[in-house]
Amino acid sequence: MNLGRMRAIAFKEATHIRRDPFTLIMAIIMPVFLVVLFGLALDLDVKNIKIGIDDRDQSYSSRRLISLFHESRSFIIAKQGHWSDAEREIRDENISAILVIPHDFEKKIKKGEAPLIQFVADGSDNAILGPALSYLYGIQLQMRQQLIETSFQPKVKIETRYLYNGELKSSYFIVPGLMSVVLAIVSILLTALTISREWENGSMELLLSTPTNPLELILGKILPYSIIGMLAVLLVYLTARLGFDIPFRGNHLFFLLACFLFLTAYLAQGTVISIVARSQAVAMQMAMVSGFLPTMLLSGFIFSISSMPPFFQYFTMILPARWFLQIVRTLFLKEAGFMEIWSPLLALLLINLVLVNVARKKFKRTLE
Amino acid sequence: MKTHTNVSLTLQNLEKNFSKVQALALSGVSLHFEVGMLHGIIGPEAAGKTTLMRLLAGLLAPSKGTISYSIDGVVASEFETVRPLIAYMPERQSLYADLSIKEHLDFFSKLYELTPSEYKEKQERLLSITRLGGFLERPAGKLSGGMYKKLGLICALLRSPKVLLLDEPTNGVDPISRREFWELLYSLRQENILMLVSTAYMDEAERCSRAHLFQEGKLLFSGIPSELLVKHRAKDFNELFIKQAEQRVC
C-alpha cells in the first residue's frame, strides 16, 4: 500500500469528475432534488379521507355530529344522502367509508341511552383504514363531551404524549429516512461506474501493468467520491432543516461521522459491483438491484424491521442503510449522545471493512 | 546499479487456450529473447500476438508451458520480482481521453514513484525525442493516431523499464509516423533493454534485430531478418508470408 499512488489515483479520478459535469450534478444536485421531490410527495399522514354520510335522524344532534367530522380535517364529506346498499355506494362512488346515523339518534341521547352509529369502511386499503379508525376514536371522544353533556368519567384514563415528535409529523420520520435512501443510491452508482469504466475504455490493462495494487486503486477511487458525497450530505441536511423544518437535536460531529461511514460503505459496495461487473451497463443494473431495492424496502425506511419475519430481521443487518437510518432518526429527533449510537456506528465500520476486503479479494490482476 | 540489470526471457512450450471449443490462441511456443535487442513479433491478425504480449506482461496466465525471465542470468522465481522492470503498452486504446499529455505523465510518474528531479529529466528527454512537447495540454482524445501511440510509449518509458512490451504500437498509424516511431525505438536500443514489438505490418520485420514470425498461434520462423529471407528464398517478408500461406492451403 503506497499512499502516493493512492493519492495519484484519487487525484486523477477528481480530474475526471471535474471534466464531467454530469457526475457532479448526479452526485450533488440529484440527492437534494430527490429529497425535495419525495419529501413533498411521500406524506404518510392520511388526510382528506372521503366519506359519505347517511343522516337518517336529521336532528340537531346529528348535525352536530356531522360538523365534528367536518372540523376534524381528516375526513372530507364527499356525499350526503340515503343509501340502502352502503357497500355498492363505497364501490361505485370511490369513497372510503359511510357513516350511518340512525333515526333514533337524538332520542336515545336525550333518554340517556347509548345510540348506535354505523361506520361502514372499505377494508381493502389498510393504509387509510388504520389512521381513519384512530381519527374516528378521537371524534368519538369529542362526541361524548359535546353531545352527551353528562361528562363521561372513566375510571382508568390513558393520556398519550408523543415524545420527540409531538405532533407525529410524518415528515420528521420520512425526511431523515429519505436522506439515507437517496444518498445510498447515488453513492453506489458513482463508484459502480468508475472501475467498470476503466475496464471498458481499456485503461485497466495499462493500470494493471503498473505497480499499482488493488487496495490503492480501490481506496483511491473511493476517496474523491466520499468528499463529493459529504457535500451532498451537507446540502441534503440543509434541505431537511430549512426546507422541511426538521429539528436536529443530536450531535453534529457524530452525524458527520455516521454520514461518512455510510457513504463509504455504499461507495465500497459500488466498487465491488464495479470490479465484478467489468461493464458499465451490467454495473448499473447490479447497483440498482443491490442498492435501491433493499435500501428502500428493508432498511426500515418504509416497513419497520421489528415486524419483519426473523430471517429478514437478521438479513437487514448487512445493509448499511438500516444502521444509518437508526442513527439519523435518533440524532435528528432525540438529544442522543455517543452511547445511543455507538453500536450502529460500529456496524457501519465493520461493513466498510468487509466490503473493502471483498473488493480487494475480487480484484484480479489478470484480464481473465 | 539498476541501470546495469540485464533481463532476458525464455519461453518453453508455451500454450494458451481461452476455451475448449476455440482453437488454441498459442501453442507450443519455445523461444529465447536476448537482452538489448529489438525483437519483432510478426504475424497477421489472430496470430496470437496480443495473447503473447499479455502473457508476458503477467495479465494472462499460461495454460501450459513456462515463461521465465532471467535477471542478470538468474532465473526469477516469481513474476512479482520482474513486474517492476516491465513496461507494457497495450494494443487497445488505453489512455484517458479527457486527460492531457501532461496529466498522463504526472499520473504515471506518481504510480512509478519517480522523484521530482527524475521525473523532470525523463519528461524533458522523452518529450524531446517524441516531439510531443508542444502539445502538453492537449487531451489524449484529441491526439492523432501517431501521437496517441507515442504518448502511450512515453507513459511506458517513464518507469525506466528493463523489458519493454509494445503491442502493435504502429497499428493504424500513417507511414511517416511509423518510420518515426521505429526511429524512436532504435534510439532506445542503446539503453540495454529487452524490447518486444508486435506488428502485423510484414515490412516492419526488416527493422527488427530479431524477427519471430507467428501464424495461428504457432511460431513459424525465428531469426535475423536478412538470414530468414535468404534461407526461405523470399525477397521480402510479405512474400514469405504469402508463400507460407499457399503451402498451408496445398
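The values are calculated or read from the model by the stated rules, or taken from the named source; none is laboratory data. What you are looking at is a predicted structure, and each value in this text was computed from that prediction instead of being measured. With ideal geometry, Cβ positions are generated from the backbone for all residues, glycine too; neighbour counts draw on all protein chains shown. Keep in mind that these areas ignore ligands, DNA and RNA; they rest on the heavy atoms of the full protein, side chains included. Shrake-Rupley method; radii C 1.70, N 1.55, O 1.52, S 1.80 Å.
Only one residue of B:117, B:14, B:247 has its Cα farthest out toward the positive end of the dipole of chain B, where Lys and Arg carry +1 and Asp and Glu -1 on Cβ, and that residue is B:247. Ignoring lysines fewer than eight residues from residue B:235 along the same chain, the ones with Cα atoms less than 20 angstrom from its Cα are B:243.
Working note: Debye formula, equal point scatterers on the alpha-carbon atoms of chain B, no solvent; log10 I(q)/I(0) at q = 0.10, 0.11 Å⁻¹ is -0.49, -0.60.
The mean accessible area for residues of the protein assembly as shown, using a 1.4 Å probe and ignoring ligands and nucleic acids, is 49 Å² per residue. Relative to the dominant Cα principal axis of chain B, helix B:237-249 is inclined by about 40°.
How big a patch of accessible area, both sides summed and in Å² to the nearest 100, lies buried between B and A at a 1.4 Å probe? Buried surface at the B/A interface: approximately 2500 Å². Dipole magnitude for the range A:1-146: about 800 debye, using +1 per Lys or Arg Cβ and -1 per Asp or Glu Cβ, origin at the Cα centre.
Grab the alpha carbons of the protein assembly as shown, take their convex hull, and tell me the volume per residue in Å³. Roughly 224 Å³ of hull volume per residue.
Among A:79, A:47, the order of accessible area from largest down is A:47, A:79, computed with a 1.4 Å probe on protein heavy atoms.
Interface residues of the range B:24-62, defined as those losing at least 50 Å² of solvent-accessible heavy-atom surface relative to the isolated chain (probe radius 1.4 Å), are listed as B:59. Residues of the range A:342-368 that lose at least 40 Å² of accessible area (1.4 Å probe, protein heavy atoms only) when the other protein chains are present, relative to their chain alone, are A:365, A:367, A:368. Placing unit charges on the Cβ atoms only, positive for Lys and Arg and negative for Asp and Glu, gives chain A a dipole magnitude near 1060 debye about its Cα centre. Summing charges over all other residues whose Cβ lies under 13 Å from the Cβ of residue A:133, with Lys and Arg as +1 and Asp and Glu as -1, gives -2. Listed by chain and number, the aspartates and glutamates placed with their C-alpha closer than 20 angstrom to that of residue A:111 are A:55, A:57, A:149; residues fewer than eight positions away on the same chain are left out. Across peptide B:93-102, the average count of Cβ atoms from other chains found within 10 Å of a residue's Cβ is 4. Residues A:83, A:342, ordered by accessible area of protein heavy atoms at a 1.4 angstrom probe radius and largest first, appear as A:342, A:83. With angles folded into 0 to 90 degrees, how steeply does helix B:145-157 sit against the dominant principal axis of chain B? Use alpha carbons for both and round to 10. On a 0 to 90 degree scale, this one is about 80. Think of the range A:49-146 as a dipole: +1 on every Lys or Arg Cβ, -1 on every Asp or Glu Cβ, centred on the Cα centre; then among A:67, A:94, A:81, A:67 lies furthest on the positive end.
For the pairs A:362/B:120; A:12/B:120; A:361/B:120; A:362/B:49; B:110/B:162, note any where the Cα-Cα span goes beyond 25 Å. Pairs exceeding 25 Å: A:362/B:120; A:361/B:120; A:362/B:49.
Among the DSSP helices (H) of chain A, those spanning at least 15 angstrom by Cα along their long axis with an average Kyte-Doolittle hydropathy of 1.0 or more are A:30-41, A:170-200, A:214-238, A:252-277, A:338-362; this is a geometric and hydropathy rule only. Carbon-plus-sulfur accessible fraction, the protein assembly as shown (probe radius 1.4 Å, protein heavy atoms only): 59%.
With q set to 0.22 Å⁻¹, the log10 of I(q)/I(0) for the range A:49-146, from the Debye formula over equal scatterers at the Cα positions, is -1.20. Measuring nothing but alpha carbons in the range B:128-246 and taking Rh as the Kirkwood radius, the Rg to Rh ratio lands at 1.01. Within 10 Å of the Cβ of each residue in A:2-15, the mean number of Cβ atoms contributed by other protein chains is 3. What's the center-to-center distance, using Cα atoms, between the range B:90-122 and the range A:23-55 in Å? Result: 49 Å between the Cα centres. Using the rule -39500 (n - 2.57) for each DSSP H run of four or more residues, divided by the residues of chain B, the 222 nm mean residue ellipticity is -10000 deg cm²/dmol.
Per residue, the convex hull spanned by the Cα atoms of chain A measures out at 179 cubic angstrom. Annotation: amide H-H contacts under 5 Å for residue B:70 (H modelled 1.01 Å from N, sequence separation of 5 or more, or interchain): B:8, B:9, B:10, B:76.
Past 21 Å, Cα to Cα: identify those pairs from B:16/B:149; B:20/B:218; A:364/B:122; B:102/B:142, in the order given. Distance filter (> 21 Å) returns B:16/B:149; A:364/B:122. Rounded to the nearest 10 degrees, what's the angle between the helix B:101-111 long axis and the longest principal axis of chain B, both from Cα atoms, 0 to 90? It works out to around 80 degrees.
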